[in-house]
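Encoded as structure tokens, the structure appears first; notes follow it.
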Ligand SMILES: Nc1ncnc2c1ncn2[C@@H]1O[C@H](COP(=O)(O)OS(=O)(=O)O)[C@@H](OP(=O)(O)O)[C@H]1O
Ligand SMILES: Nc1ncnc2c1ncn2[C@@H]1O[C@H](COP(=O)(O)OP(=O)(O)O)[C@@H](O)[C@H]1O
């Protein structure tokens, strides 16, 4: 029996089909590619290219994109620090399930805080590849495909990453 968080008296249920069986069936090893960077740095573009490239090679992948996940699972979350932390925690847990299922899970989120990314890495020993889109703020702001930097500079969006909210570059990424 284990006690975790607010759930008590819960028991881990084993499954007859395990990670190794799934690995054999799919002929691939599940993992998480975690793409972090400023808005406009190219996270979604890279996630899509990678997913397509894997598909053409017969590898099963799935993209968890911050914008998309915020339309459903995380629609209750905003952009204050604790909401971003919860956003990353939930996506980390979902990514862990996908990796356990045998997929190459590509998570594409700003994920601005180092401690939150490190917590996800800790959940996935040997299966977490952190990719930093190391683009200067000025370039992202010049691209501004959604017009959000313009709104943030005009004070119409508060707490925008890189403008008036922090982005902590990774210290231990894989690229
Ligand atoms: N305040 C603020 N700061 C940053 N980004 C904002 C904000 N408000 C809305 N958006 C839009 O939300 C997208 C980022 O969502 P994420 O879930 O990746 O953010 S986070 O990881 O929780 O920080 C981000 O998408 P990308 O441009 O693809 O990064 C923006 O379109
Ligand atoms: N390698 C690249 N070179 C030039 N432009 C790019 C590159 N990657 C992405 N872009 C462009 O930058 C903009 C932001 O890319 P996007 O993938 O939406 O970023 P993010 O998901 O980080 O917000 C888009 O207009 C996209 O076409």
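No value in this document is a laboratory result; all are computed from the given coordinates. Computed from a prediction, not measured in an experiment: that's the story for all the values here. Every residue, glycine among them, receives a Cβ derived from its backbone with ideal geometry; neighbour counts consider all protein chains shown.
What does the extension gain come out to for residue 135 and residue 25, with contour length at 0.36 nm per residue minus their alpha carbon separation?
Fully extending the segment from residue 135 to residue 25 adds 35.7 nm.
What does the range 56-142 give for Rg and for Dmax, in Å, if only its C-alpha atoms count?
Spelled out, the Cα radius of gyration and Dmax of the range 56-142 are 13.7, 40 Å.
Per 5 Å bin from zero, what fraction in whole % of the C-alpha pairs of the chain is there, up to the bin with the longest pair?
Binned Cα distances yield the sequence 1, 8, 15, 19, 19, 15, 10, 6, 4, 2, 1, 0.
Quick one: helix 81-101 against the long Cα principal axis of the chain, what's the angle to the nearest 10°, folded into 0 to 90?
Compared with the principal axis, the helix lies near 40 degrees.
I'd like the distance between the alpha-carbon centres of the range 80-98 and the range 121-175, rounded to an integer number of Å.
Using only Cα atoms to place each centre, the spacing works out to 16 Å.
Where does each of 173, 31, 48, 105 land when they are ranked from fewest to most other beta-carbon atoms within 10 angstrom?
Values: 173 17, 31 20, 48 14, 105 26.
Ordered by Cβ neighbours within 10 Å, fewest first: 48, 173, 31, 105.
Considering the Cα positions of the range 1-90, please state its Rg to one decimal place and its Dmax as a whole number of Å.
When restricted to the Cα atoms of the range 1-90, Rg and Dmax are 17.3, 46 Å.
Please give the helix 43-56 orientation as an angle from the longest Cα principal axis of the chain, in degrees from 0 to 90, rounded to the nearest 10.
40
Across bins of 10 angstrom width beginning at 0, how are the C-alpha pair distances of the range 38-79 distributed, in whole percent?
Calculated over all Cα pairs of the range 38-79, the distribution is 26, 41, 28, 5 percent.
Round to the nearest 10 and give me the degree value, 0 to 90, for the angle of helix 114-123's Cα axis relative to the longest principal axis of the chain.
10
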